[in-house]
Amino acid sequence: MAKILLIDDEEQMRFLLTRMLTRDGHEVFLAQDGEEGVQSYYQVNPDLVITDIIMPKKDGLEVIAEILATHPTQPIIAMSGGRRILAAELEHVKAIGTKGMLQKPFTLQQLQELISVALG
């Protein structure tokens, strides 16, 4: 299947998503904040990036912008939780080039469908 870079500052979310993704046959690489995520991106060369929006050191919007600046066709899925996603935030995430947005909590089916769309 796909090499997926998962960037999230919540350890439990990384654990749960890794289990979901590996069950579907994906190879998962982890980063615990945006800064580490960007560094890992260039080491891993993933097929797909899944990133949280609200993180320390470098937020998800900065991660997305930095990756797309050098790799404009990179499939990226953004996630957000802990607060309601504002319509403006959702539009901004779409406008900068992500393949979709998930609001935590989300279902395995929602994740699988968005991965399928992102990987085309």
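The values are calculated or read from the model by the stated rules, or taken from the named source; none is laboratory data. These numbers come from a predicted model, not from an experiment. Methodologically, a virtual Cβ is constructed for each residue, glycine included, from the backbone with ideal geometry; neighbour enumeration extends over all protein chains shown.
In region 60-82, what residues are outside any helix (DSSP H, G or I) and crowded, with 16+ Cβ neighbours inside 10 Å?
GLN74, PRO75, ILE76, ILE77, ALA78, MET79, SER80, GLY81
Look at GLY25 and say whether it is on the phi > 0 side of the Ramachandran plot and of a type outside the set (Ser, Thr, Tyr).
yes
For region 40-54, check the following and say yes or no: at least one residue is modelled with pLDDT under 95, in a loop (DSSP other than H, G, I, E, B) and more than 20 Å from GLN112 (Cβ to Cβ).
yes
Quick one: count up the residues across region 1-13 that are more than 24 Å from GLY120 (Cα to Cα) and out of contact with any Pro (no Cβ under 7 Å at 6 or more places or on another chain).
Going through region 1-13 one residue at a time, the tally reaches 4.
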